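The values are calculated or read from the model by the stated rules, or taken from the named source; none is laboratory data. Since the structure is predicted, the reported quantities are computational estimates derived from the model, not experimental observations. All Cβ positions, even for glycine, are placed from backbone atoms using ideal geometry, and neighbour counts span all protein chains on display. Surface areas here come from the heavy atoms of the whole protein model, side chains and all, with no ligands, DNA or RNA. Shrake-Rupley method; radii C 1.70, N 1.55, O 1.52, S 1.80 Å.
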Amino acid sequence: MKFTKTIEVKNIFNKISYKYDFLNNLLSFGLHRFWKRKLVNLLEPLNGEDWADLCCGTGDLAFLISKRVSPRGSITGIDSAKDILNIAKKKSELKKNKFVKWEVKDVLEINDYSKNFDGICMSYGLRNLNNVEEGIKKVFDLLKDKGRAGFLDFNHSTRNSLSNIFQKIYLRLIVVSISRLFNLGPEYAYIEKSISNFPKKNELINIAKEVGFKKAEYRTICGGQMGILILTK
């Protein structure tokens, strides 16, 4: 089952890679940029620090953080989907950004960066890992002492709440309908399924504390549609 999900998610992101940035902007009305900036502002990366952007996609967070940690620091963008990572690399070349290093690798299979990073971020990636608890534990192991991590993702709100109802309507009628125009309907329909299996706010906090994080804070944004989890080791 673990292997199956890994392949499924990788295939989805490879397939949507050519329209990923375009659809992100269209389907979020450009707000995803604001949410990502908010995450980075909460994490406060500093010049000279070493960071990782896990499940980095086309590199939005990596580029934001590189501005904060350069010229003395570093940022490593890691993703298992080769096609989407190639887009990040091309963007990096266009930006002439030499501070970001890119690696094709599954997050749960990272074994060579123990206690290597001052900070780690992830946007819309934790939900897609085979096991959320293993993902948070992996982040804990990769962080230096007193390191911090931040996760931006869809908020798994209470069933039948206004937020939950709106989320389902928006995903089904807007997101999936528009993605069908690009023959990507099944790939974007996966979002709702993945949210239903994603831990809720308090569950994420409990998992983080059980893993060993000293501080865990969760805040909702965009009317409860999105959530940001901030952890300190």
Item to check | Test: residue 182 is open to solvent by less than 20 Å² (accessible area, probe 1.4 Å), among the aromatic types (Phe, Trp, Tyr) and either part of a loop (DSSP other than H, G, I, E, B) or in contact (Cβ under 8 Å) with a residue 40 or more places away in the chain (or both) | outcome: no
Next on the checklist: Show me the helices (runs of 4 or more DSSP H) found entirely inside region 1-113 where at least 2 residues are open to solvent by 40 Å² or more (accessible area, probe 1.4 Å), under 21 Å from residue 190 (Cβ atoms) and touching a residue at least 24 places away in the same chain (Cβ under 8 Å).
Outcome noted: 2-16, 20-27, 82-95
Next on the checklist: Residues that are closer than 22 Å to residue 213 by Cα, modelled with pLDDT of 90 or more, aliphatic (A, V, I, L, M) and touching a Gly at 6+ places or on another chain (Cβ under 9 Å): does region 92-113 have at least one?
Outcome noted: yes
Checklist entry - Within region 193-202, is even one residue open to solvent by less than 30 Å² (accessible area, probe 1.4 Å) and among the hydrophobic types (A, V, I, L, M, F, W, C)? => result yes
Item to check | Output for region 126-179, where each listed residue is surrounded by fewer than 18 Cβ atoms within 10 Å (Cβ to Cβ) and not in a helix (DSSP H, G or I) | outcome: 130, 131, 144, 145, 146, 158, 159, 160, 161
Checklist entry - Does residue 121 meet the test of being in a loop (DSSP other than H, G, I, E, B), within 23 Å of residue 229 (Cβ to Cβ), open to solvent by less than 50 Å² (accessible area, probe 1.4 Å) and in contact with a Gly (Cβ under 6 Å, 6 or more places away or on another chain)? => result no
Checklist entry - Does residue 183 fit the bill of being over 29 Å from residue 19 (Cβ atoms) and either at pLDDT below 90 or touching a His at 6+ places or on another chain (Cβ under 6 Å) (or both)? => result no
Checklist entry - Among (1) exposed (fewer than 13 other Cβ atoms within 10 Å of the Cβ); (2) in contact with a Gly (Cβ under 6 Å, 6 or more places away or on another chain), where does residue 215 come up short? => result (2)
